[in-house]
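Engineer: Below are the structure tokens for one structure; questions will follow.
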Amino acid sequence: SNKCNRLVDVGRRQFMRGGAFAVAGAAAATVSNAPAQASPANAQLDYPSNRLANIADLTINEPVDIEYPDAESPGILLKLGQAVEGGVGPDGDIVAYSVLCPHKGWYLTYNAEDRSLNCPGHFSRFDAEVGGQQIWGHATQNLPQFTLRVDDKGDIYAEGCSDLIFGRPSNVL
Ligand code: FES
């Protein structure tokens, strides 16, 4: 199906991106005599404010694909139907997460039955109802949750991120 092809494509791209990242890392290691100028410890820099959707676009427990803070960072926007950690909107139930697994960057899928994000790579699981906490797995951090704001028209904006998105030295380059 088209969906399968798309997922295969995403996997292939992530594989290639992972390879490029490793090469860049190796190259950087050979020139480490230069004084550090960047601030890699500061994972949260200036985030853009990006409109993702309107509340009226959302159906409970049906994730909407988003990209934040840029097109290389896929995620989901999700209305859970009950107030949760980091939830916004009149019901406090709208959240958004990266769908790049913090372990090695595989593309997570949403399980509507238990409201978790699941990795086909090495089977890490993250809880969408408690801020992306890892339920089980290999990652050394929870799933990045995007900080949301809703304006008086019901437009939902992403304006930050809780943790480092996979593959990045900082979330905003
Ligand atoms: Fe997700 Fe390894 S990439 S568990």
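Engineer: Restricting the search to region 131-144, which residues are in contact with an Asp or Glu (Cβ under 7 Å, 6 or more places away or on another chain) and either within 16 Å of the ligand (Cβ to nearest atom) or on the phi < 0 side of the Ramachandran plot (or both)?
Structural biologist: First, pick out the residues of region 131-144 that are in contact with an Asp or Glu (Cβ under 7 Å, 6 or more places away or on another chain): 131, 133, 135, 141-142, 144.
Within region 131-144, GLN133, ILE135, GLN141, ASN142, PRO144 qualify.
Engineer: Hey, another quick one. If we keep just the residues of region 80-109 that are part of a loop (DSSP other than H, G, I, E, B) and among the aliphatic types (A, V, I, L, M), which is nearest to the ligand (Cβ to nearest atom)?
Structural biologist: Initially, region 80-109 is screened for residues part of a loop (DSSP other than H, G, I, E, B), giving 80-87, 89-93, 99, 101-106, 108.
Remaining after also requiring among the aliphatic types (A, V, I, L, M): 80, 83-84, 99, 108.
Details: LEU80: 22, ALA83: 28, VAL84: 22, VAL99: 11, LEU108: 7 Å.
Among those residues, the one meeting the criterion is LEU108.
Engineer: Scan region 131-173 residue by residue and report those that are outside any loop (DSSP other than H, G, I, E, B) and of a type in the set (Gly, Ala, Ser). Full working, then the answer.
Structural biologist: Taking region 131-173 first, the residues outside any loop (DSSP other than H, G, I, E, B) are 133-136, 145-150, 155-161.
ALA158, GLY160 - these are the residues of region 131-173 that are outside any loop (DSSP other than H, G, I, E, B) and of a type in the set (Gly, Ala, Ser).
Engineer: Test GLY121 against the stated conditions and say whether it is in a loop (DSSP other than H, G, I, E, B) and within 30 Å of ASP152 (Cα to Cα).
Structural biologist: On the way: in a loop (DSSP other than H, G, I, E, B): yes; within 30 Å of ASP152 (Cα to Cα): no.
No.
Engineer: Identify, from the list ALA112, ALA128, the residue that is open to solvent by less than 50 Å² (accessible area, probe 1.4 Å), in contact (Cβ under 8 Å) with a residue 12 or more places away in the chain, more than 12 Å from the ligand (Cβ to nearest atom) and in contact with a Leu (Cβ under 7 Å, 6 or more places away or on another chain).
Structural biologist: ALA128
Engineer: Output the residues belonging to region 43-64 that are within 14 Å of the chain's Cα centre (by Cα) and within 20 Å of ASP114 (Cβ to Cβ).
Structural biologist: If the condition is that a residue be within 14 Å of the chain's Cα centre (by Cα) and within 20 Å of ASP114 (Cβ to Cβ), then PRO63, VAL64 are the ones that fit.
Engineer: Among the listed residues GLY86, GLY18, identify the single one that is at pLDDT below 50, over 12 Å from the mean Cα position of the chain (by Cα) and surrounded by 11 or more Cβ atoms within 10 Å (Cβ to Cβ). Can you show your working first?
Structural biologist: Numbers: GLY86 fails: at pLDDT below 50.
The unique qualifying residue is GLY18.
Engineer: Do you know which residues across region 56-69 are without any contact (Cβ under 8 Å) to a residue 24 or more places away in the chain and within 20 Å of GLY160 (Cα to Cα)?
Structural biologist: Within region 56-69, VAL64, ASP65, GLU67 meet the criteria.
The values are calculated or read from the model by the stated rules, or taken from the named source; none is laboratory data. As the structure is a prediction and not an experimental result, all values here were calculated from the model. Because the Cβ atoms are built from the backbone with ideal geometry, glycine has one as well, and the counts that use them run over all protein chains shown. Heavy atoms of the whole protein, side chains included, go into the accessibility calculation; ligands, DNA and RNA do not. Shrake-Rupley method; radii C 1.70, N 1.55, O 1.52, S 1.80 Å.
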